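Take a look at the structure set out below.
The values are calculated or read from the model by the stated rules, or taken from the named source; none is laboratory data. Computed from a prediction, not measured in an experiment: that's the story for all the values here. In this analysis, Cβ positions are derived from the backbone assuming ideal geometry, glycine residues included, and neighbour counts consider all displayed protein chains.
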Amino acid sequence: MINVTLIGASGFVGTAILNELLNRGHKVTAIVRNPERVGVKNDNLNVVKANVADTEAVIEACKGKDAVISAYNPGWTNPNIYEETLHNYPLILEGVKLSGVNRLLCVGGAGTLFCAPGLRVVDSGAIPEAIMGGVKSLGEFYLNTLVNEHDIDWVFFSPAGTLEPGERTGIFRLGKDDLIVDADGNSHISVEDYAMAMVDELEKPVHHFERFTIGY
């Protein structure tokens, strides 16, 4: 059993990761803004209402844990998603470090993946303007902050271009910095398989101080 703190456990990706963790028998402290949105009850689950900008609350919720998984997202419909991501994610990073935990797994984005030599997805014109703020801010946090972080063992796990509800198949491919596409040129992954791969990395760490990605 791994004792883990999960930030953003009530969101789309966070819920899938929470279910995967609990189904594998791990102990989870879930940090959420709205505890009522956590629809599962389990003896191994402790739900904590906290604001991720509250560093002391993050430290307290992470202290003594084996690892932290962050699925933080201010909300794709939040008009301030760009500013809040760039303000809050460094605070999350700092809080986890100050808690003494030495392993941080971040739910990343696909925007900074390369879809052609020298061309990142975020610059390809493929991303709708409606979500560009969230894509750009998460990518900037990765490129400008995480890649320069050497005091905690971090990973930034980028999903495929399309992350959607589906099935937990266990049949997928992992890569590093290039967008993974199938035989038809599509880049996609179910949130269930993404969560499976995230918890695989938690249980048996393969990546350190780097980004990796997934796709069918």
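Key figures for this structure:
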quantity: Subset of the stretch 152-203 (residues that are β-branched (Val, Ile, Thr), farther than 16 Å from residue 121 by Cβ and outside any loop (DSSP other than H, G, I, E, B)); calculated: 155, 191, 199
quantity: Residue among 2, 69 that alone is in contact with a strand residue (DSSP E or B) (Cβ under 9 Å, 6 or more places away or on another chain) and surrounded by 22 or more Cβ atoms within 10 Å (Cβ to Cβ); calculated: 69
quantity: Candidate set: the stretch 96-144, residues that are more than 20 Å from the chain's Cα centre (by Cα) and in a strand (DSSP E or B); chosen: the one farthest from residue 215 (Cα to Cα); calculated: 119
quantity: Qualifying positions in the stretch 49-71 - closer than 20 Å to residue 198 by Cβ and either touching a helix residue (DSSP H, G or I) at 6+ places or on another chain (Cβ under 7 Å) or not in a loop (DSSP other than H, G, I, E, B) (or both); calculated: 52, 58, 61, 62, 67, 68, 69, 70, 71
quantity: Residues of the stretch 97-114 that turn out to be of a type outside the set (S, T, N, Q) and touching a residue at least 60 places away in the same chain (Cβ under 8 Å), as a count; calculated: 8
quantity: Count of residues meeting criterion [under 25 Å from residue 158 (Cα atoms) and assigned to a strand (DSSP E or B)] in the stretch 10-48; calculated: 6
quantity: Close pairs (9 angstrom Cβ cut-off, 6 or more residues apart or separate chains): on the phi > 0 side of the Ramachandran plot and touching a residue at least 24 places away in the same chain (Cβ under 8 Å) in the stretch 183-211, of a type outside the set (D, E, K, R) and not in a loop (DSSP other than H, G, I, E, B) anywhere; calculated: 209/146; 209/147; 209/154; 209/155
quantity: Test: residue in the stretch 22-32 that is touching a residue at least 60 places away in the same chain (Cβ under 8 Å), within 14 Å of the chain's Cα centre (by Cα) and closer than 21 Å to residue 141 by Cα; calculated: no
quantity: The stretch 60-90: number of residues that are more than 19 Å from residue 151 (Cα to Cα), among the aliphatic types (A, V, I, L, M) and in contact (Cβ under 8 Å) with a residue 60 or more places away in the chain; calculated: 1
quantity: Residue among 60, 56 that is among the acidic types (Asp, Glu) and either loosely packed, with under 15 Cβ neighbours inside 10 Å or within 30 Å of residue 123 (Cβ to Cβ) (or both); calculated: 56
quantity: In the stretch 191-216, residue surrounded by the most Cβ atoms within 10 Å (Cβ to Cβ) [restricted to those that are under 17 Å from residue 160 (Cβ atoms) and touching a His at 6+ places or on another chain (Cβ under 8 Å)]; calculated: 215
quantity: Among residues of the stretch 99-133, those that are at pLDDT below 90 and closer than 30 Å to residue 56 by Cα, counted; calculated: 1
quantity: The listed residue being surrounded by 20 or more Cβ atoms within 10 Å (Cβ to Cβ), closer than 26 Å to residue 177 by Cβ and not charged (D, E, K, R), out of 108, 95; calculated: 108
quantity: When residues of the stretch 112-151 are limited to those that are buried (at least 17 other Cβ atoms within 10 Å of the Cβ) and among the β-branched types (Val, Ile, Thr), the one nearest to residue 82 (Cα to Cα); calculated: 135
